[in-house]
Structure formats: structure tokens, C-alpha cells
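Just below is one structure, and these are the notes that go with it.
The values are calculated or read from the model by the stated rules, or taken from the named source; none is laboratory data. Quick caveat: nothing in here was measured; it's all calculated off a predicted structure. Cβ placement follows ideal geometry from the backbone for every residue including glycine, while neighbour counts extend to all protein chains displayed. Only protein heavy atoms, including side chains, enter the accessible area calculation; ligands, DNA and RNA are left aside. Shrake-Rupley method; radii C 1.70, N 1.55, O 1.52, S 1.80 Å.
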Amino acid sequence: MSPAYDSNNIFAKILKGEIPSYRVYEDDKTVAFMDVMPQAPGHTLVLPKQPSRNLLDADPATLSHVIGVVQKIANAAKEAFDADGIYIAQFNEPAAGQTVFHLHFHVIPRHEGAALKPHSGKMEDSAVLAANAQKLIEALS
Ligand code: AMP
């Protein structure tokens with residue numbers, strides 16, 4: 001049995017507006033913002049507003065909405081970052097690499113021959129994150 005959802009996790013705080021984020025998309029059920037330690041330029045996180053620790057305890061109806069938003073962000077990221085491919089990742093529990101315990105999907109533009117940076121590695125410059133968020137917002141509009 002997994003631990004219960006902790007409403008003080010960092011993404012819950014972002015959803016409540018208590019912590020800033022580089023937001024690129026929002027609808028009534030979903031938010032997407034830039035990962036502050038990107039594994040590649042344009043690395044974006046897509047999460048449901050509804051609390052769940054990860055995919056294992058998520059409401060299936062919420063999941064089906066969120067995956068449509070993941071597709072929308074993936075197509076926009078491919079265009080905005082001229083990517084050769086898009087990597088989608090989602091981790092469940094620490095043993096699988098999860099570090100923030102509010103369900104989220106990673107959308108990561110990939111280019112042929114370019115290695116991914118480490119997961120939760122180095123904080124990106126705020127100017128770079130803001131510029132990449134703007135590229136994605138423009139591709140989504
Ligand atoms: P995971 O291992 O799937 O739980 O990944 C959590 C992700 O959240 C990592 O890629 C981190 O770089 C990212 N992250 C952590 N704190 C923040 C934050 N305040 N804003 C945006 N991304 C964050």
C-alpha cells in the first residue's frame with residue numbers, strides 16, 4: 001500500500017499558487033509548466049489538478065483527460081523545439097524514480113545524437129526557462 005497523498009508537496013503548492021512556475025498551459029482539470037531542472041530544452045511537466053500521488057491511485061477519468069493534454073503539449077514541444085522525437089516519462093514511487101508525489105508526466109523534446117541530462121540535475125537559468133515557456137505558449141496558440 002502506498003503512502004497517502006501529501007497536500008504539501010511542491011506541485012500542490014504550485015497548483016495553489018503558493019510557489020511560482022513557468023506555466024505554459026491550463027484548463028479546468030490540467031496544468032503544464034516547465035521543469036526547472038530540464039533534461040533537455042523544453043522539458044515540460046503535465047499534471048492533473050485533482051490530487052493523486054501518482055498514476056497508481058489516479059482517477060481513470062482524470063487520466064484519460066490528462067493524456068490528451070500530454071499529446072497536445074508533445075506536439076507543441078516538437079514544433080517549438082524542432083525536435084526529432086518526444087520522450088514521455090512518468091514514475092510511480094521512489095523505486096521507479098519518482099521524487100515529487102503529485103501525478104505528473106514528463107514531456108521531453110529529443111534530438112538525434114543529443115544525450116539527456118540527468119534527472120533532477122541542474123537548475124536552469126530563469127531567463128532560459130522563461131524563453132522556452134514562451135516558445136511553447138506560441139506553439140500552443
Ligand atoms: P519525478 O522524479 O518524476 O517526481 O520528477 C520530478 C520533476 O520535478 C523533476 O524533473 C524535477 O526537476 C522537477 N521539479 C522539482 N521541483 C520543481 C519546481 N519547483 N518546478 C518545476 N519542476 C520541478
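Return the residues of the stretch 97-126 that are within 9 Å of the ligand (Cβ to nearest atom) and in contact with a His (Cβ under 7 Å, 6 or more places away or on another chain); say none if nothing qualifies.
G97, H106
Based on this model, can you work out whether L55 counts as closer than 30 Å to E112 by Cβ, without any contact (Cβ under 8 Å) to a residue 60 or more places away in the chain and within 10 Å of the chain's Cα centre (by Cα)?
No; evaluated as a whole, the condition is false for this residue.
Are any residues in the stretch 78-122 open to solvent by less than 80 Å² (accessible area, probe 1.4 Å), out of contact with any Leu (no Cβ under 8 Å at 6 or more places or on another chain) and touching a residue at least 60 places away in the same chain (Cβ under 8 Å), and if so, which ones?
Hits for the stretch 78-122 are V100, F101, P109, H111, A114, L116, H119, S120, G121.
Being outside any loop (DSSP other than H, G, I, E, B) and open to solvent by less than 60 Å² (accessible area, probe 1.4 Å) is the filter here, so list the residues in the stretch 8-42 that pass it. If you could, list the steps in order and put the result at the bottom.
Going through the stretch 8-42, the residues outside any loop (DSSP other than H, G, I, E, B) turn out to be 10-15, 23-26, 30-34.
Selection gives F11, A12, I14, L15, V24, Y25, T30, V31, A32, F33, M34.
Quick one: is A83 over 19 Å from I14 (Cα atoms), in a loop (DSSP other than H, G, I, E, B) and more than 13 Å from the chain's Cα centre (by Cα)?
yes
Return yes or no: is A95 small (G, A, S), closer than 23 Å to N9 by Cβ and more than 15 Å from the chain's Cα centre (by Cα)? It would help to see each step written out before you state the result.
On the way: small (G, A, S): yes; closer than 23 Å to N9 by Cβ: yes; more than 15 Å from the chain's Cα centre (by Cα): yes.
In short, yes.
With more than 15 Å from A133 (Cβ to Cβ) and of a type in the set (V, I, T) as the only criterion, which of V70, V107 stands out? Show your work before the answer.
Details: V107 fails: more than 15 Å from A133 (Cβ to Cβ).
Step by step, each of V70, V107 is checked, and only V70 is more than 15 Å from A133 (Cβ to Cβ) and of a type in the set (V, I, T).
With respect to V107, determine if the residue is part of a strand (DSSP E or B) and modelled with pLDDT of 95 or more.
yes
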